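A.B. asks: Structure in structure tokens, see below.
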Amino acid sequence: MTQSGSHASDLYQQVILEHNQKPRNFKVLETANAYALGKNPLCGDQFAVYVSVSDDGTIEDIGFQGMGCAISKACASMMTTQVKGKTKVDALQLKDEFQKMLLGELNETTEAHHLGKLTMFSGVKQYPVRVKCATLAWHTLEAALEGKASEISTE
Ligand code: ZN
């Protein structure tokens, strides 16, 4: 038994390791009706996001494929678990809040938000170069849902 297991930064490390070893929804979604490819040339992260959206705008299923650094992959994996079952509108609001948290525009401890588990990534804001890694999958999700671009780049 370790005594430091509940410490925020330890938890963050554990979650990143765990999602890298066993990424969730790491699959090509055969039933997808929305898709986008996201690239972060600065770090070399690249992910494809596949979404199956119902007629009423609910994300019924989601998958991702690709490769990248530990933070980008863990965030992509976590993103898929957090938006599955949500409406497009709610998912995009979450994207907005996640991005604002990492840019220091939303204080996750004092302000209202819907981030839940995603707050464990708040430490990324101390590493500005990593913010693009952390938000890549979210930008890609947004591009897929809005259907404006099939490929996006953080640069
Ligand atoms: Zn990266």
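The values are calculated or read from the model by the stated rules, or taken from the named source; none is laboratory data. This structure is a prediction, so every number in the text was calculated from the model and none was measured. Every residue, glycine as well, gets a Cβ built from its backbone with ideal geometry; the counts of neighbours run over all protein chains shown. For accessibility, only protein heavy atoms count, side chains too; no ligands or nucleic acids. Shrake-Rupley method; radii C 1.70, N 1.55, O 1.52, S 1.80 Å.
A.B. asks: Since S52 meets every condition but one in (1) outside any strand (DSSP E or B); (2) touching a strand residue (DSSP E or B) at 6+ places or on another chain (Cβ under 8 Å); (3) open to solvent by less than 70 Å² (accessible area, probe 1.4 Å); (4) without any contact (Cβ under 8 Å) to a residue 60 or more places away in the chain, which condition does it not meet?
C.D. replies: (1)
A.B. asks: Name the residues in region 109-151 that are of a type in the set (F, W, Y) and either touching a strand residue (DSSP E or B) at 6+ places or on another chain (Cβ under 8 Å) or within 19 Å of G63 (Cα to Cα) (or both), would you? Break it down stepwise before answering.
C.D. replies: Within region 109-151, the first condition is being of a type in the set (F, W, Y), and the residues that meet it are 121, 127, 138.
Within region 109-151, just W138 meets the criteria.
A.B. asks: Now for a separate question. Return the residues of region 4-49 that are within 16 Å of the ligand (Cβ to nearest atom), out of contact with any Leu (no Cβ under 6 Å at 6 or more places or on another chain) and in a strand (DSSP E or B); say none if nothing qualifies.
C.D. replies: Hits for region 4-49 are L37, K39, Q46, F47.
A.B. asks: Residues that are among the acidic types (D, E) and in contact with a Gly (Cβ under 9 Å, 6 or more places away or on another chain): does region 91-113 have at least one?
C.D. replies: Just the residues of region 91-113 that are among the acidic types (D, E), to begin with: 96-97, 105, 108, 111.
Retained after the next criterion (residues that are in contact with a Gly (Cβ under 9 Å, 6 or more places away or on another chain)): none.
So far as region 91-113 goes, no, none of its residues is among the acidic types (D, E) and in contact with a Gly (Cβ under 9 Å, 6 or more places away or on another chain).
A.B. asks: I'm trying to understand the selection: among the residues of region 114-131, which are part of a loop (DSSP other than H, G, I, E, B) and open to solvent by less than 50 Å² (accessible area, probe 1.4 Å)? Quick ask: steps written out before the conclusion?
C.D. replies: Step one: of region 114-131, the residues part of a loop (DSSP other than H, G, I, E, B) are 114-115, 127.
Hit for region 114-131 is L115, nothing else.
A.B. asks: What is the number of the single condition among (1) assigned to a helix (DSSP H, G or I); (2) open to solvent by 10 Å² or more (accessible area, probe 1.4 Å) that A91 does not meet?
C.D. replies: (2)
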